[in-house]
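The values are calculated or read from the model by the stated rules, or taken from the named source; none is laboratory data. These figures come from a predicted structure and were not determined experimentally. Here the Cβ is made from the backbone with ideal geometry for all residues, glycine too, and neighbour counts use every protein chain on show. Protein only, heavy atoms only, side chains kept; ligands, DNA and RNA dropped before computing areas. Shrake-Rupley method; radii C 1.70, N 1.55, O 1.52, S 1.80 Å.
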Amino acid sequence: MVEIFIDGDRVEAEDGQTVMQAARASGHVIPFFCWHPSLSVPGNCRICMVEIEGDGTAAGWLDIACNMPVAKGMHVLTDSPRVRARRKQMLELVTLNHPVDCGICDKAGECTLQDYHYEYNGEPSVSRDVKVRATKHHDLSDRIVLDNERCILCSRCVRFTREISKSDGLGIQNRGDHSLVRAVEDGSFDRDPYSDNVIDICPVGALLSKPFLHKARVWYLEPTASICPGCERGCTVKVWHRKSAWKLNRLDPAANARIDRVTPLENPAVNGPWICNKGRDLARIFERPRATEAMLKGSAVAPQTALDVARALIAAARHPVALVSSWGSNEELAAFDRALAARFASHVKADWLPVPGERIEDDVLIKADKNPNRAGALARFPALPVDPRAAFGADCDLVLVWGEGFASDLLPASAKVIRLDAWRHADNARADVFLPITVQTERSGHYTNFAGVVSPFEACFAKPPGVADAEALFAALALPLLVEATT
Ligand code: SF4
Ligand code: SF4
Ligand code: FES
């Protein structure tokens, strides 16, 4: 431990820490643009300037906190008049050629340049020179647009592709006020499955998401804590949607129940501050056409009718088998276990397999198993054999299929079928009984990831009429069986 003093407070810093790290750990605020806790330290933006007080034998000096190691007895001032004056000068330099077009910038409301300008400068430009123009709308990739006039050349995006995603997909061309962030020409940034993290870490509105571009002002949105179901890593995410106070009544009410964007929910035990692009695209998974009607052999019926027929099938079956979802929450798995596991021979199936072109696995985050709660399901039930016919046996007379990913053609021809699914699939209509269930954004629960870490997710949208939680359905399906068992 190293004893230092920050703004007069005694701080026990760790050996090897920088002043920035010690200050943050002890609750002292120092602004930063180029520094990021998970990246190397370039020390190029100079906004983190602090004052080191002299000790009578040596004069004090100004230095950057992000690259200055702590030293025993050091006295640091984070907000002295000299510090504030230097930060003001740095902001004048940073905004010299910046367009200050916050009114049309998606980053407005989340931009540290805005925040620091108002904190340390707050005055109109002192420059009389015409601003240097640069590319206003550069297609950095299929997913990201770059506004070079807003770029403050902090190099966070470049370092991310070198140090985290390892695609080396970005660099900075030219020098001085001709400098431009550009993607390398071999397409590696387009292929980088983690590319959208640069949008989050860009401290200004230079890197913006194409799907989210000009879709919503961030102050109309709020995040709900959730989990990406894209693989068994189970990255924790924020699902952003419209605040209830800002719901639209007549103009585009569909926007009220829409996922506007997905960003990482920092979690050192699972994904750190990052997610992959599949996690950004959760709307593509959750907002597929929904199954909302209960059916008997493809004909819509009242939910209670379907439930009654399913109960009768379960009561009559002699050798029923259940295929358990690896997208079910721990709570749903427990509910199935409580209500129906004694009645069925149960096996855990894969709801999702890798799709063509998808990265299968790497040493950053992405895992080969594309199901979020396989570990939670396997803690209760055995895995479905590689040849699923081995699970059914010749005398199987009923199969309950929970979740998607198991084609009707693979089921025993003579067995009755009960299906529970959230999305519209042709196989739904082939089941003897089909019951529509909620998706993850309509319920709360927990998943257990491949490493055994349990994370929660919360509901953010109302469930559609006619759709039930699987947890409630399992209890309802078991009701006659419980009655039978007690009589
Ligand atoms: S685009 Fe953003 S993250 Fe990249 S160098 Fe410019 S300001 Fe920094
Ligand atoms: S690594 Fe897996 S869990 Fe994490 S965001 Fe990507 S697909 Fe989702
Ligand atoms: S944050 Fe220290 S120089 Fe940029």
Exercise. Where in the stretch 251-352 are there strands (runs of 3 or more DSSP E), lying wholly inside it, with at least 1 residues that are surrounded by 20 or more Cβ atoms within 10 Å (Cβ to Cβ), away from ligand 2 (no atom under 16 Å from the Cβ) and modelled with pLDDT under 95?
Worked result: none
Exercise. Taking the stretch 78-106 on its own, how many of its residues are of a type in the set (D, E, K, R) and open to solvent by less than 20 Å² (accessible area, probe 1.4 Å)?
Worked result: 2
Exercise. Do we have any residue at all in the stretch 66-73 that's more than 16 Å from ligand 1 (Cβ to nearest atom), modelled with pLDDT of 95 or more and closer than 30 Å to D147 by Cβ?
Worked result: yes
Exercise. Under 27 Å from R156 (Cα atoms), open to solvent by 50 Å² or more (accessible area, probe 1.4 Å), of a type in the set (G, A, S) and without any contact (Cβ under 8 Å) to a residue 60 or more places away in the chain: does that describe A25?
Worked result: yes
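Going by the conditions given, is I47 part of a loop (DSSP other than H, G, I, E, B), open to solvent by less than 20 Å² (accessible area, probe 1.4 Å) and not small (G, A, S)? Working first, answer last.
Numbers: part of a loop (DSSP other than H, G, I, E, B): yes; open to solvent by less than 20 Å² (accessible area, probe 1.4 Å): yes; not small (G, A, S): yes.
Against the criterion (part of a loop (DSSP other than H, G, I, E, B), open to solvent by less than 20 Å² (accessible area, probe 1.4 Å) and not small (G, A, S)), I47 qualifies.
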Exercise. Modelled with pLDDT under 95, in the same structural domain as R419 (by TED's automatic domain parsing) and not in a helix (DSSP H, G or I), is that true of G452?
Worked result: no
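The rows are residues; the columns are (1) free of Cβ contacts under 8 Å to residues at least 12 places away in the same chain; (2) of a type in the set (A, V, I, L, M); (3) within 16 Å of ligand 2 (Cβ to nearest atom); (4) out of contact with any His (no Cβ under 6 Å at 6 or more places or on another chain).
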| residue | (1), (2), (3), (4) |
| --- | --- |
| D9 | no, no, no, yes |
| D15 | no, no, no, yes |
| C34 | no, no, no, yes |
| G54 | yes, no, no, yes |
| T57 | yes, no, no, yes |
| C66 | no, no, no, yes |
| H75 | no, no, no, yes |
| V83 | no, yes, no, yes |
Exercise. Is it the case that some residue within the stretch 82-90 is in a helix (DSSP H, G or I) and either at positive phi or of a type in the set (S, T, Y) (or both)?
Worked result: no
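Residue by residue, here is whether (1) out of contact with any helix residue (DSSP H, G or I) (no Cβ under 7 Å at 6 or more places or on another chain); (2) hydrophobic (A, V, I, L, M, F, W, C) holds:
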residue	(1), (2)
D337	yes, no
L340	no, yes
V348	no, yes
W352	yes, yes
I360	yes, yes
I366	yes, yes
R389	yes, no
A394	yes, yes
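What about C202, is it open to solvent by 10 Å² or more (accessible area, probe 1.4 Å), among the hydrophobic types (A, V, I, L, M, F, W, C) and near ligand 1 (Cβ under 9 Å from one of its atoms)?
On the way: open to solvent by 10 Å² or more (accessible area, probe 1.4 Å): yes; among the hydrophobic types (A, V, I, L, M, F, W, C): yes; near ligand 1 (Cβ under 9 Å from one of its atoms): yes.
It is true that C202 is open to solvent by 10 Å² or more (accessible area, probe 1.4 Å), among the hydrophobic types (A, V, I, L, M, F, W, C) and near ligand 1 (Cβ under 9 Å from one of its atoms).
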Exercise. Can you name every residue in the stretch 466-486 that is modelled with pLDDT of 95 or more and not aliphatic (A, V, I, L, M)?
Worked result: D469, E471, F474
Exercise. For residues in the stretch 183-194 being open to solvent by 10 Å² or more (accessible area, probe 1.4 Å) and part of a helix (DSSP H, G or I), which is farthest from ligand 1 (Cβ to nearest atom)?
Worked result: R191
Exercise. Just a yes or no: is a residue in the stretch 57-77 open to solvent by 80 Å² or more (accessible area, probe 1.4 Å), of a type in the set (G, A, S) and assigned to a loop (DSSP other than H, G, I, E, B)?
Worked result: yes
For this session: State whether one or more residues within the stretch 120-138 are more than 16 Å from ligand 3 (Cβ to nearest atom), surrounded by 14 or more Cβ atoms within 10 Å (Cβ to Cβ) and under 27 Å from the mean Cα position of the chain (by Cα).
Result: yes
Exercise. Taking the stretch 185-194 as the region of interest, how many residues are closer than 19 Å to L39 by Cβ and away from ligand 2 (no atom under 16 Å from the Cβ)?
Worked result: 2
Problem set entry | Test: R150 is open to solvent by less than 20 Å² (accessible area, probe 1.4 Å), more than 16 Å from ligand 2 (Cβ to nearest atom), assigned to a helix (DSSP H, G or I) and out of contact with any helix residue (DSSP H, G or I) (no Cβ under 8 Å at 6 or more places or on another chain) | no
Exercise. Applying the selection to the stretch 12-39, what residues are among the hydroxyl-bearing types (S, T, Y) and within 12 Å of ligand 3 (Cβ to nearest atom)?
Worked result: T18
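Would you check if R162 is open to solvent by 70 Å² or more (accessible area, probe 1.4 Å), in contact with an Asp or Glu (Cβ under 9 Å, 6 or more places away or on another chain), at pLDDT 95 or above and farther than 18 Å from G205 by Cα?
Values: open to solvent by 70 Å² or more (accessible area, probe 1.4 Å): yes; in contact with an Asp or Glu (Cβ under 9 Å, 6 or more places away or on another chain): yes; at pLDDT 95 or above: yes; farther than 18 Å from G205 by Cα: yes.
In short, yes.
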Exercise. Within the stretch 20-44, can you find the residues that are in contact with a Leu (Cβ under 8 Å, 6 or more places away or on another chain) and either of a type in the set (A, V, I, L, M, F, W, C) or not in a loop (DSSP other than H, G, I, E, B) (or both)?
Worked result: F33
Exercise. Taking F450, is it more than 25 Å from D260 (Cα to Cα), open to solvent by 70 Å² or more (accessible area, probe 1.4 Å) and not basic (K, R)?
Worked result: yes
